[in-house]
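K.L.:
My structure is below; once you've seen it, I'll send some questions.
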Amino acid sequence: MNTAIFTKYLGLFLTFSKIGLFSFGGGNGIIEIIRYNTVDMKGWVTLQEFNLITGVSIALPGLNALNISCIIGYKVAGIVGAIISMLALVLPSLIVVVTFYELMLDFMSSQALKSFETIMQYAVIVLVAKFIYTTSSNLIYQDNISFILTILSIAFFIALTIFKLDTLLCLIIFITVASFANRL
């Protein structure tokens, strides 16, 4: 095997297995950790590419973090890189969950575990907020459509959280209005 391609595979495996092992909260909380590692640390993708990859990943079925790891792995090292990235992201948590399942059942009622869970929930909130800040600060000032989409996103958030409107209905309205605004 070519040394350069092996180095890419190994880099993908080590990076995504580290992310998978040390990322609590999953889902959107892990996206900021993936961004930091793949954009800031490794330079595999630019911030603009990462934002596009994230948008595409959210639109696809499946787990966002897994979709993102797959696309970045593919960009770095083709189909094998995509497979390595996805397996590396999932493998550590799979091992931990299977290994410690019985142990966790014994300690479910412990105050230390409850405190740890609360701390991790706040940590995930910070990671999601950082991701939102990083993504939005890059998008807001690009052009008029970005400004319109920012206002629309705030309205979407208010409709979902304050008025508790149906998510699917809000999404359809958001996409329709955003599509119309994009044509202006």
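K.L.:
Collect the residues in region 6-29 that are under 21 Å from residue 133 (Cα atoms) and open to solvent by 50 Å² or more (accessible area, probe 1.4 Å), keeping them in residue-number order.
P.N.:
24, 25, 28
K.L.:
Identify, by number, the condition in (1) open to solvent by 50 Å² or more (accessible area, probe 1.4 Å); (2) within 12 Å of the chain's Cα centre (by Cα); (3) free of Cβ contacts under 8 Å to residues at least 12 places away in the same chain that residue 56 doesn't meet.
P.N.:
So residue 56 meets the others, but not (3).
K.L.:
How many residues are of a type in the set (Ser, Thr, Tyr) and touching a residue at least 40 places away in the same chain (Cβ under 8 Å) when one looks only at region 1-18?
P.N.:
Result for region 1-18: 3.
K.L.:
Is it the case, given these coordinates, that residue 32 is among the charged types (D, E, K, R) and open to solvent by 50 Å² or more (accessible area, probe 1.4 Å)?
P.N.:
So residue 32 fails the test.
K.L.:
Please verify whether region 33-44 includes one or more residues that are touching a helix residue (DSSP H, G or I) at 6+ places or on another chain (Cβ under 7 Å), assigned to a helix (DSSP H, G or I) and under 18 Å from residue 79 (Cα atoms).
P.N.:
Within region 33-44, one or more residues are touching a helix residue (DSSP H, G or I) at 6+ places or on another chain (Cβ under 7 Å), assigned to a helix (DSSP H, G or I) and under 18 Å from residue 79 (Cα atoms).
The values are calculated or read from the model by the stated rules, or taken from the named source; none is laboratory data. Since the structure is predicted, the reported quantities are computational estimates derived from the model, not experimental observations. Backbone-built Cβ (ideal geometry, glycine too); neighbour counts: all protein chains shown. Accessible surface areas use protein heavy atoms only, side chains included; no ligands, DNA or RNA. Shrake-Rupley method; radii C 1.70, N 1.55, O 1.52, S 1.80 Å.
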